[in-house]
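Novice: I'd like to ask you about the structure that follows.
The values are calculated or read from the model by the stated rules, or taken from the named source; none is laboratory data. Fair warning: this is a prediction, and the values are worked out from it, not measured in the lab. When we count neighbours, we look across all protein chains shown, and the Cβ atoms used for this are built from the backbone with ideal geometry, even at glycine.
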Amino acid sequence: MCSKTDIRENGAHIEVCAEGMAVYRAALVAGRVARAEAPGCLPDLGLLVPAVDDPEAMVPVPPAVAEATLVRPLERRVDEQQRTVATLRASMSQMESVYRSLREGSNAVQRLTGAAMIAAAVEAEAQSATRETLTAHPGGGRPEEVLAKSLSYTLEAKKRGVRQRTLYQHTVRTHGPTLDYIKAASSAGAEVRTVDEVFDRLLIWDRSVAFIPDKEKEHHNHALRVTDPGIVHFLVSVFEHAWDRAEPVVYEPDQQRPKILTDETRRRVLRMMVDGYTDAAIAARLGMSVRTVATHLKKVSDALGSKSRAQLAYLTAQSGLLEGSPSPDCRCGTDRHDSRHD
């Protein structure tokens, strides 16, 4: 028997269960049914009401009558809420004009604090974009719930004719959920490329407003909303420069280790190692784990026969690996059996 819920109080979604259908049919045939036999969905929906002459019996009510009894109060509440929303928006619109007139020029960079506030601001800008969305995401694969939200933004933007371009780092090419997102987003018209290093997280809409991290604060809970035309133009230029040197993503589900991850990324790891970066610093810059960095370096170290990090740096610089021309006895640039990024 279905549980009883008061639809008038909490607006719960109620459906007639199979037992309810059978009991209602029997009540129509007999003219009434025992109260104890009535499942909760029928009285909740007003399809059975107590009999006047017998408090232990219930009689059927025509669905049209039951519907009117339930729907009219709900419709009145909806109308009241819509009027409240309209009044609230009108009031906020008036206050927005006052706010902008007093903060003109001083609000070109606005600090946003708290994940909820940042998410709400991002959603508002994403939904109001009319021409273009540019995004850059450092690090490896993104959480699946974030990808699902991003895909909803992408599909909504496609309906409005908004062009979307997204930059990731090469390491996402081995992250299944991110590849699934790229496949779906590309099918909707988005363009996705990867590059060895992404400058930082960046979101730009219609080349008029940008979101960047507030590095003075904890990364995920503090952001800057930028509307200054000069700053936004500079950020767009940074994005375009990275976009020009990035590689398009061609979704190939059977490709276990894209060549770009065993050639270009390894050279980038080696170049940073020669420049004196630690494994942790390299991992943070390239969006991979420290273990993956160590694996790249070990393969080159084994191939070149180095005994120390200093010797590896010297031999790497002498080998031609940094220019993409490995010495004849070093095939580490084309090895396709690295451990997968994690």
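Novice: Go through region 51-101 residue by residue and tally those that are aliphatic (A, V, I, L, M) and in contact with a strand residue (DSSP E or B) (Cβ under 7 Å, 6 or more places away or on another chain). Reasoning before the result, please.
Specialist: First, pick out the residues of region 51-101 that are aliphatic (A, V, I, L, M): 51-52, 57-59, 61, 64-66, 68, 70-71, 74, 78, 85-86, 88, 90, 92, 95, 98.
With the extra rule that they be in contact with a strand residue (DSSP E or B) (Cβ under 7 Å, 6 or more places away or on another chain), the set shrinks to 51, 57-59, 61.
Result for region 51-101: 5.
Novice: Report every pair of residues separated by at least 6 positions or lying on different chains whose Cβ atoms are under 9 Å apart, first residue within region 113-127 and among the acidic types (Asp, Glu), second modelled with pLDDT under 90.
Specialist: The qualifying pairs are GLU123/LYS149; GLU123/TYR153.
Novice: Right, here's the next one. Any chance region 74-88 includes a residue that's modelled with pLDDT under 90, touching an Asp or Glu at 6+ places or on another chain (Cβ under 9 Å) and hydrophobic (A, V, I, L, M, F, W, C)?
Specialist: no
Novice: Another one. Of the conditions (1) more than 29 Å from ALA26 (Cβ to Cβ); (2) surrounded by 11 or more Cβ atoms within 10 Å (Cβ to Cβ), ALA90 satisfies every one except a single condition; which number is it?
Specialist: For ALA90, the failing item is (2).
Conditions tested, residue by residue: (1) charged (D, E, K, R); (2) touching a residue at least 12 places away in the same chain (Cβ under 8 Å); (3) farther than 20 Å from VAL16 by Cα; (4) surrounded by fewer than 11 Cβ atoms within 10 Å (Cβ to Cβ).
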| residue | (1), (2), (3), (4) |
| --- | --- |
| ALA36 | no, yes, no, yes |
| PRO43 | no, yes, no, no |
| LEU47 | no, yes, no, no |
| MET58 | no, yes, no, no |
| VAL61 | no, yes, no, no |
| LEU70 | no, yes, no, no |
| ALA86 | no, no, yes, yes |
| MET95 | no, no, yes, yes |
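Novice: Need a quick list: helices (runs of 4 or more DSSP H) entirely within region 104-213 having at least 1 residues that are in contact with a Gly (Cβ under 9 Å, 6 or more places away or on another chain).
Specialist: Filter on region 104-213 gives 144-159, 176-187.
Novice: Does ALA294 satisfy the condition of being farther than 28 Å from LEU167 by Cβ and modelled with pLDDT of 70 or more?
Specialist: Against the criterion (farther than 28 Å from LEU167 by Cβ and modelled with pLDDT of 70 or more), ALA294 does not qualify.
Novice: Does THR174 satisfy being among the polar types (S, T, N, Q) and either closer than 30 Å to MET272 by Cα or touching a His at 6+ places or on another chain (Cβ under 9 Å) (or both)?
Specialist: On the way: among the polar types (S, T, N, Q): yes; either closer than 30 Å to MET272 by Cα or touching a His at 6+ places or on another chain (Cβ under 9 Å) (or both): yes.
Answer is yes for this residue.
Novice: Here is a list: VAL49, VAL71. Which entry is touching a helix residue (DSSP H, G or I) at 6+ places or on another chain (Cβ under 8 Å) and either of a type outside the set (Gly, Ala, Ser) or assigned to a strand (DSSP E or B) (or both)?
Specialist: Sole residue among the options that is touching a helix residue (DSSP H, G or I) at 6+ places or on another chain (Cβ under 8 Å) and either of a type outside the set (Gly, Ala, Ser) or assigned to a strand (DSSP E or B) (or both): VAL49.
Novice: Now for a different question. Against the conditions (1) at pLDDT 80 or above; (2) small (Gly, Ala, Ser); (3) more than 23 Å from VAL162 (Cβ to Cβ), where does ALA119 fall short? Just the number, please.
Specialist: ALA119 satisfies every listed condition except (3).
Here is a yes/no grid of residues against (1) assigned by TED's automatic domain parsing to the domain that holds SER289; (2) touching a helix residue (DSSP H, G or I) at 6+ places or on another chain (Cβ under 9 Å); (3) β-branched (Val, Ile, Thr); (4) loosely packed, with under 13 Cβ neighbours inside 10 Å:
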| residue | (1), (2), (3), (4) |
| --- | --- |
| ALA120 | no, no, no, yes |
| ALA126 | no, yes, no, no |
| THR130 | no, no, yes, yes |
| LEU134 | no, yes, no, no |
| HIS137 | no, yes, no, no |
| PRO143 | no, yes, no, yes |
| LEU151 | no, yes, no, no |
| ARG163 | no, yes, no, no |
| THR166 | no, yes, yes, no |
